[in-house]
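I'd like to ask some things about the structure below.
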Amino acid sequence: MVYCPECETDLDIDEEEVDEGAVVSCPECGTDFEVITVNPVELKIVGEDEIEDDEDDADEEDSEDEDS
């Protein structure tokens, strides 16, 4: 059984019917997830890498401002 990492709703994903890289949505909260692995099923929020990159860029800009 696979649960939504955001709201913990049962996503009813069958390991045999989903492929790595597929995008699934939670019917309860609407969050989109990418399937990272299928055995066991692991999910990552779609766009999570982009958010982390944006935060890293902001931290670097703050550091540069402090150096000035």
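A short reminder: the numbers here are calculations on the coordinates, not readings from a lab. Just so you know, these numbers come straight off a predicted model, no measurement behind them.
I'd like the Karplus ³J(HN,Hα) series for the stretch 27-35: coefficients 6.51, -1.76, 1.60, θ = phi - 60°, whole numbers in Hz, and an x wherever there's a Gly or Pro.
So the Karplus estimates, Gly and Pro as x, are x, 8, 9, x, 6, 8, 10, 9, 7 Hz.
Please list, ordered by chain and number, the residues whose modelled amide H lies under 5 Å from the amide H of Glu42; skip anything fewer than 5 residues away on the same chain.
For Glu42, whose amide H was placed from the backbone, the distant partners under 5 Å are Ile36, Thr37.
Using the Cα gyration tensor of the stretch 1-52, with a ≥ b ≥ c the square roots of its eigenvalues, what is the shape: rounded (a/c below 1.5), prolate (a/b larger than b/c) or oblate (neither)?
oblate
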